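Heads up, the thing below is written out as structure tokens.
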Amino acid sequence: MKYSYYPGCTLKNKAQDLDLYARRAAVALGFELVEIPEWQCCGGVYPLGTDEIASKLSSVRALNYAKEQGQDLITLCSACHHVLKRVNDDMKNVADISDRANNYMQLDAPYKGETTVVHFLEVLRDRIGFDELKKKVVNPLTGKKIGAYYGCLALRPGKVLEFDDPENPQIMEDFIRALGAEPVIYPYRNECCGAYTALEDKNIPAKRTKMIFDSADGFGADMLITACPLCMYNLNKSEADSKVPVYYFTELLAEALGVKEGVEQ
Amino acid sequence: MSLTMAEKQAEQIRQISGSDPYKCMKCGKCSASCPSFNEMDIKPHQFVSYVVNDNIEALAESKSLWKCLGCFACVERCPRDVQPGRVVDAARQLVERQRGGDHLHAEDIPALLDDDVPQQLLVSAFRRYRR
């Protein structure tokens, strides 16, 4: 199976591990990530305004490219996943946005939200299957107690993203189980890390990440996993006493599959 | 009957947000869910009332505009689909679309950087803090 792969800005820079280990894991699992040529940054934040069209076009270009390839579009970063799914929903279901974006784009055929956007974790759950993944694990992470940190952008709004139950998700816990480790469920796993306020007010992420680490540590987590480079940054900058190491989920996946040191596509 | 400036701006917020603040039943779930509640001078549920009452000047000056994390907890949990986060975002845009309304300037960025800042943080802050 080939996917049109949208890495996004950060996976080419500060979050290269998120990308690298996903590429290695995909080879081991038998699917192909074909990077979309000349993809453009999604902007990180979904443009909420009903009259914001230009800032949605970079997503439309990537979505339309995948449509032309006849492939589903796969992403890894929580923010890209969020923005692309929501713009795709607009193109499919919001006539005013769809018409205006298409008027601007002047594509050979109008784009109407035909592409399916999937997160890498959704591919593992829905296409590969966690049972199958478990069979391919050669280095089970036995004995590790891992807290899934979902954050906000992967889950909400649940009606549009359809990633998992936004209030009581389990996809990352099932992923952790498939790798042979023990998931730790803690209350703050889907609470925001402080996001972009880190740029001008470090107190907000400092407080948020302390609550997250205290919560995870209180329930016995040895480490956290995330799919979001901004969560990773805010968590890593935390000075909480309860801090535990944070990894991209793809790093643990590659480790369990025995391809952490392997060759990428 | 001509509209006052505040009435026009309230209508603009309704248009940009695509949200109907009149549907709010003041249950307070949005404010109870908000991770930035303590940072906000006008709380999410109050935001909705301010728009209903055309009290836009106070909203435009509110520091809440810059404290919303865009986490969509309020949007997810609003039982009336008012989606307070969209209302806060529309008020922010009303301010930023005015001349000189940007909250963040490119020349301020270098001093705010450290070696680990992910690109995602910069593009997200740019989208939220300036037009």
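The values are calculated or read from the model by the stated rules, or taken from the named source; none is laboratory data. Quantities reported herein were computed from a predicted structural model and do not represent experimental measurements. Neighbour counts are summed over all protein chains in view; Cβ atoms, including those assigned to glycine, are modelled from backbone coordinates with ideal geometry.
Counting just the residues of the stretch A:95-108 that are over 21 Å from residue A:69 (Cα atoms) and in contact (Cβ under 8 Å) with a residue 40 or more places away in the chain, which one comes out surrounded by the most Cβ atoms within 10 Å (Cβ to Cβ)?
This residue is A:97.
What residue, among those in the stretch A:33-68 that are farther than 24 Å from residue A:19 by Cα and in contact (Cβ under 8 Å) with a residue 12 or more places away in the chain, is surrounded by the most Cβ atoms within 10 Å (Cβ to Cβ)?
Among residues in the stretch A:33-68 that are farther than 24 Å from residue A:19 by Cα and in contact (Cβ under 8 Å) with a residue 12 or more places away in the chain, the one surrounded by the most Cβ atoms within 10 Å (Cβ to Cβ) is A:53.
Among the numbered criteria (1) surrounded by 19 or more Cβ atoms within 10 Å (Cβ to Cβ); (2) assigned by TED's automatic domain parsing to the domain that holds residue B:131; (3) small (Gly, Ala, Ser), which single criterion is violated by residue B:111?
(1)
Given the criterion of a type outside the set (Lys, Arg), more than 12 Å from the chain's Cα centre (by Cα) and surrounded by 14 or more Cβ atoms within 10 Å (Cβ to Cβ), identify the matching residue among B:17, B:33.
Criteria check complete, one pass: B:33.
Given (1) in contact with a Gly (Cβ under 9 Å, 6 or more places away or on another chain); (2) more than 14 Å from every other protein chain (Cβ to nearest Cβ); (3) surrounded by fewer than 23 Cβ atoms within 10 Å (Cβ to Cβ); (4) among the aliphatic types (A, V, I, L, M), where does residue A:259 come up short, assuming only one miss?
(1)
Only residues in the stretch A:8-20 that are among the acidic types (Asp, Glu) count as the first member; pair them with residues that are assigned to a helix (DSSP H, G or I), Cβ under 8 angstrom, at least 6 apart or cross-chain, and list the lot.
If the second residue must be assigned to a helix (DSSP H, G or I), the pairs left are A:17/A:250; A:17/A:251; A:19/A:11; A:19/A:12; A:19/A:250.
Could you grab me the full set of residues in the stretch A:1-19 that are buried (at least 18 other Cβ atoms within 10 Å of the Cβ) and assigned to a helix (DSSP H, G or I)?
A:10, A:11, A:18, A:19
Would you check if there is a residue in the stretch B:12-29 being among the aliphatic types (A, V, I, L, M), outside any helix (DSSP H, G or I) and touching a helix residue (DSSP H, G or I) at 6+ places or on another chain (Cβ under 9 Å)?
no
On the basis of being more than 20 Å from residue B:17 (Cβ to Cβ) and more than 14 Å from chain B (Cβ to nearest Cβ), does residue A:11 make the cut?
no
Within the stretch B:73-85, can you find the residues that are over 23 Å from residue B:62 (Cα atoms) and outside any helix (DSSP H, G or I)?
Selection gives B:79, B:80, B:81.
Can you find, within the stretch A:69-83, the residue that is surrounded by the most Cβ atoms within 10 Å (Cβ to Cβ) among those that are more than 14 Å from chain B (Cβ to nearest Cβ) and either part of a helix (DSSP H, G or I) or within 16 Å of the chain's Cα centre (by Cα) (or both)?
Top of the filtered list is A:74.
Filter the stretch A:232-248 down to the residues that are in contact with a strand residue (DSSP E or B) (Cβ under 8 Å, 6 or more places away or on another chain) and in a helix (DSSP H, G or I), then identify the one that is surrounded by the fewest Cβ atoms within 10 Å (Cβ to Cβ).
Step by step, filter the stretch A:232-248, then rank; the result is A:236.
State whether one or more residues within the stretch A:35-56 are out of contact with any Ser or Thr (no Cβ under 9 Å at 6 or more places or on another chain), within 14 Å of chain B (Cβ to nearest Cβ) and within 30 Å of residue A:139 (Cβ to Cβ).
Looking for residues that are out of contact with any Ser or Thr (no Cβ under 9 Å at 6 or more places or on another chain), within 14 Å of chain B (Cβ to nearest Cβ) and within 30 Å of residue A:139 (Cβ to Cβ), one finds none in the stretch A:35-56, hence no.
Under the condition of being more than 14 Å from the chain's Cα centre (by Cα) and within 11 Å of chain B (Cβ to nearest Cβ), which residue from the stretch A:123-164 is surrounded by the fewest Cβ atoms within 10 Å (Cβ to Cβ)?
It comes out as A:159.
Taking the residues in the stretch A:171-186 that are within 20 Å of residue A:156 (Cβ to Cβ) and among the β-branched types (Val, Ile, Thr) as candidates, determine which candidate is surrounded by the fewest Cβ atoms within 10 Å (Cβ to Cβ).
Result: A:185.
For the stretch B:86-127, give me each residue that is over 30 Å from residue A:18 (Cβ atoms), at the interface with another protein chain (Cβ under 10 Å from one of its Cβ atoms) and outside any helix (DSSP H, G or I).
Once the filter is applied, which keeps residues that are over 30 Å from residue A:18 (Cβ atoms), at the interface with another protein chain (Cβ under 10 Å from one of its Cβ atoms) and outside any helix (DSSP H, G or I), the stretch B:86-127 yields only B:97.
Kindly indicate whether any position in the stretch A:187-208 is farther than 27 Å from residue B:63 by Cβ and either of a type in the set (D, E, K, R) or surrounded by fewer than 16 Cβ atoms within 10 Å (Cβ to Cβ) (or both).
yes
Do we have residue B:33 as within 26 Å of residue A:209 (Cβ to Cβ), within 11 Å of chain A (Cβ to nearest Cβ) and among the hydroxyl-bearing types (Ser, Thr, Tyr) here?
So residue B:33 passes the test.
Which residues, counting only those in the stretch B:48-67, are surrounded by 14 or more Cβ atoms within 10 Å (Cβ to Cβ), within 14 Å of chain A (Cβ to nearest Cβ) and part of a helix (DSSP H, G or I)?
Once the filter is applied, which keeps residues that are surrounded by 14 or more Cβ atoms within 10 Å (Cβ to Cβ), within 14 Å of chain A (Cβ to nearest Cβ) and part of a helix (DSSP H, G or I), the stretch B:48-67 yields B:64, B:65, B:66.
Just to be sure, is residue A:251 surrounded by fewer than 24 Cβ atoms within 10 Å (Cβ to Cβ), within 23 Å of residue A:154 (Cα to Cα) and of a type in the set (D, E, K, R)?
yes
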